[in-house]
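Q: Below is a structure I'd like to ask you about.
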Amino acid sequence: MTPDQGRLPVAERAEVRRATVRLVRADGRAFAAALTLNSLAAGAGLAGPWLVGRIVDEVRAGHGVGAVDRLAVWILACALAQLLLARWARYVGHRFGERTLARVREEFVDRTLALPAATVERAGAGDLTARGTADVATVGTTLRDVGPELLVCTVQALFVLGAVFLLDPLLGLFGVLGLTPVWFALRWYLRRARDGYLAEGAATSEVAEILAATATGARTVEAFRLQERRTAASRDALETSRRTRLYTLYLRSVFFPAVEVSYTVPVAGVLLVGGLLHAHGQVGVGAVVAAALYLRQFTDPLDQILMRVEQLQSSGASFARVEGLAGAPRSVPDGDAAVPSDDRIDVRGARYAYERGGEVLCGVDLTVRPGERLAVVGPSGAGKTTLSRLLAGVDAPGAGTVTVGGVPIAGLAPERLRRQVVLVTQEHHVFLGTVRDNLLIAEPSARDEGLWAALGAVGAAEWVRELRDGLDTRLGTGGHATDGSQAQQLALARVVLADPHTLILDEATALLDPTTARHTERALAAVLEGRTVIAIAHRLHTAHDADRVAVMEDGRLTELGTHEDLVTADGAYAALWRTWHGDGTP
């Protein structure tokens, strides 16, 4: 189970089997109850053909209508018992499936949240989204519908074959031999199906990734006239997806016709062999009739089993993708990580390069003192955002070190990292739920007074009070639609509630108007008094208010000092300040 070029891993067959056994054991009593009820239902269903055989023998022996009627009543009673037991078994099976699906979803969410941010970004949102939606839904269909049905049909098929052997072992042997074509067709199909469905799932993820990236960057696509390029990329991904789906369709179109033709072989074989045995006086007509009816009855559960096997291949591939998250790189457990001695951040010789590009950071050295307000400025592409990601522990440097209190930031456990350093970007998210729900994510134990204080700190208390239900107003679909600035203020309020030692702002107020942005930044600075604040500054008033300013150019730290000192030095920062401010006045 190894990721391929940044992709999330896929579980091997053995790992899928172990995961399946683990899920069954988690609700073993319900599974055992479903198995028992299915067995009883299958046993009741076996009575019908045997009783029909008895009727044939009774008629041949010259017994009257009364004997036939008595046996017919028993057939009706057994059929009713089978119906009731089968319905009860399906009810228990569906409950088992729903509970197991809930466990699968919860495990998926837990594992997703445990992934390092860098792993998620390298894998892409499309793959993770496809696994969490289409793949989990496919697994859910199997657990809810296919699983119980497969269990019922498997028990029925085994009981039917057992009944044929009890009637006459030789008839049973020929019945099983007649299933040989089905076995060959199934073997051919299973050898190819898993890889085919895995390829189909990967192609679906690629389509989702490309569509998500295109939709998210729609304005950029329009601005740089990339419509044809993005359309071509989407077309290629869709063509790959179409080919993978056609391949799995080809497998089904070969498998099912071959199986359908093979169903008649066991019944015909038993009738021929049974006729020969009866001619030699070795078996009665009733036994031959019952065996033929059993094998004819056997085709129904077998047909369902083979149809479900096809669905299981698709579901198995989906479950392998869902379960694959268990093998993805995970963050260090909180108890296993080193504890920083203080809040001092040291960057020594930090270098970083993305997979498809040159070096973005070229030996950066920087010390951020506890409680300091540091502004990082520079032209676009200078490496400011990359430096912020290293400082926040999202990525680890390719060379050099980035530490807090002597401990590598990227090696901190998630809970400790969130208490130590929080990165806030212009990317924000409003979760479905109330305003209160969106804030309690950061601090579940916060009271209303703390929530209002956090909203007030970022300038959001006024518009939240104007909402119909205040903190209990639902946001998103069916509720209050937040604009970009309101969503960003909610994100900043979560930061206030989280109360980290170090706060990194990377264009965190980019969607706010300049006046609101400056008010919010000053409010945050007041709230985080005594905390370390690192601001990736695109508006130079942020640098003016900072204790020190770090200037980035071409991946290097070229200037470091106070606003006044850098303006006096008349270097790169002074030029930026004059361009932004309109003159050289500090």
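The values are calculated or read from the model by the stated rules, or taken from the named source; none is laboratory data. From a predicted model like this one, the values you see are computed outputs, not experimental measurements. Please note: Cβ atoms are built from the backbone with ideal geometry, for glycine as well, and neighbour counts cover all protein chains shown.
Q: Residues to consider are Asp469, Asp448; find the one that is in contact (Cβ under 8 Å) with a residue 12 or more places away in the chain, closer than 26 Å to Arg416 by Cα and among the acidic types (Asp, Glu). Talk me through it step by step, then tell me what you get.
A: Values: Asp469 fails: closer than 26 Å to Arg416 by Cα.
Sole residue among the options that is in contact (Cβ under 8 Å) with a residue 12 or more places away in the chain, closer than 26 Å to Arg416 by Cα and among the acidic types (Asp, Glu): Asp448.
Q: Same structure, new question: Surrounded by fewer than 16 Cβ atoms within 10 Å (Cβ to Cβ), assigned to a helix (DSSP H, G or I) and not small (Gly, Ala, Ser): which single residue out of Leu238, Leu198, Leu251 fits that description? Steps first, please.
A: On the way: Leu198 fails: surrounded by fewer than 16 Cβ atoms within 10 Å (Cβ to Cβ); Leu251 fails: surrounded by fewer than 16 Cβ atoms within 10 Å (Cβ to Cβ).
After applying the criteria, what remains is Leu238.
Q: Also, I was wondering about something else. Filter the stretch 536-571 down to the residues that are within 17 Å of Asp365 (Cβ to Cβ) and hydrophobic (A, V, I, L, M, F, W, C), then identify the one that is nearest to the chain's Cα centre (by Cα). Please lay out each step first, then the result.
A: First, pick out the residues of the stretch 536-571 that are within 17 Å of Asp365 (Cβ to Cβ): 548-561.
Keeping just the survivors that are hydrophobic (A, V, I, L, M, F, W, C) gives 549-552, 557, 560.
Values: Val549: 42, Ala550: 40, Val551: 40, Met552: 38, Leu557: 40, Leu560: 44 Å.
Step by step, filter the stretch 536-571, then rank; the result is Met552.
Q: Would you point out which residue out of Val261, Val221, Val207 is in contact with a Gly (Cβ under 8 Å, 6 or more places away or on another chain) and either in a helix (DSSP H, G or I) or outside the structural domain of Ala130 (by TED's automatic domain parsing) (or both)?
A: Details: Val261 fails: in contact with a Gly (Cβ under 8 Å, 6 or more places away or on another chain); Val221 fails: in contact with a Gly (Cβ under 8 Å, 6 or more places away or on another chain).
Testing whether each residue is in contact with a Gly (Cβ under 8 Å, 6 or more places away or on another chain) and either in a helix (DSSP H, G or I) or outside the structural domain of Ala130 (by TED's automatic domain parsing) (or both) leaves just Val207.
Table: residues versus (1) crowded, with 22+ Cβ neighbours inside 10 Å; (2) within 25 Å of Thr532 (Cα to Cα); (3) polar (S, T, N, Q).
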| position | (1), (2), (3) |
| --- | --- |
| Arg465 | no, no, no |
| Arg468 | no, no, no |
| Ala487 | no, yes, no |
| Leu490 | yes, yes, no |
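Q: Further question on the same structure: With respect to Leu440, determine if the residue is surrounded by fewer than 22 Cβ atoms within 10 Å (Cβ to Cβ), farther than 30 Å from Asp554 by Cβ and touching a Gly at 6+ places or on another chain (Cβ under 7 Å).
A: no
Q: Out of curiosity, is Gly393 assigned by TED's automatic domain parsing to the domain that holds Thr482, in a loop (DSSP other than H, G, I, E, B) and either more than 35 Å from the chain's Cα centre (by Cα) or closer than 27 Å to Arg7 by Cβ (or both)?
A: Numbers: assigned by TED's automatic domain parsing to the domain that holds Thr482: yes; in a loop (DSSP other than H, G, I, E, B): yes; either more than 35 Å from the chain's Cα centre (by Cα) or closer than 27 Å to Arg7 by Cβ (or both): yes.
Yes, satisfied.
Q: Just checking, how many residues over the stretch 415-456 are farther than 27 Å from Ser388 by Cβ, touching a strand residue (DSSP E or B) at 6+ places or on another chain (Cβ under 9 Å) and in a loop (DSSP other than H, G, I, E, B)?
A: Qualifying residue count for the region: 1.
Q: Any residue at all in the stretch 505-515 that's modelled with pLDDT under 85, under 20 Å from Ala392 (Cβ atoms), part of a strand (DSSP E or B) and of a type outside the set (Asp, Glu)?
A: Checking the stretch 505-515: at least one residue is modelled with pLDDT under 85, under 20 Å from Ala392 (Cβ atoms), part of a strand (DSSP E or B) and of a type outside the set (Asp, Glu).
Q: So which residues in the stretch 376-390 are assigned to a helix (DSSP H, G or I) and over 27 Å from the mean Cα position of the chain (by Cα)? Working first, answer last.
A: Narrowing the stretch 376-390 to residues assigned to a helix (DSSP H, G or I): 384-390.
Once the filter is applied, which keeps residues that are assigned to a helix (DSSP H, G or I) and over 27 Å from the mean Cα position of the chain (by Cα), the stretch 376-390 yields Lys384, Thr385, Thr386, Leu387, Ser388.
Q: Please work out if Glu359 is surrounded by fewer than 22 Cβ atoms within 10 Å (Cβ to Cβ), of a type outside the set (Ser, Thr, Tyr) and out of contact with any helix residue (DSSP H, G or I) (no Cβ under 9 Å at 6 or more places or on another chain). Lay out the reasoning, then the answer.
A: Details: surrounded by fewer than 22 Cβ atoms within 10 Å (Cβ to Cβ): yes; of a type outside the set (Ser, Thr, Tyr): yes; out of contact with any helix residue (DSSP H, G or I) (no Cβ under 9 Å at 6 or more places or on another chain): yes.
Considered against the rule, which asks whether it is surrounded by fewer than 22 Cβ atoms within 10 Å (Cβ to Cβ), of a type outside the set (Ser, Thr, Tyr) and out of contact with any helix residue (DSSP H, G or I) (no Cβ under 9 Å at 6 or more places or on another chain), Glu359 comes out as yes.
Q: Out of everything in the stretch 122-158 that is closer than 30 Å to Leu417 by Cβ and touching a Gly at 6+ places or on another chain (Cβ under 9 Å), what residue ends up being modelled with the lowest pLDDT?
A: First, the residues of the stretch 122-158 that are closer than 30 Å to Leu417 by Cβ: 122-133, 135-136.
Filter again for touching a Gly at 6+ places or on another chain (Cβ under 9 Å), leaving 122-124, 130-131, 135.
Numbers: Arg122: 70, Ala123: 68, Gly124: 65, Ala130: 77, Arg131: 83, Asp135: 83.
The qualifying residue modelled with the lowest pLDDT is Gly124.
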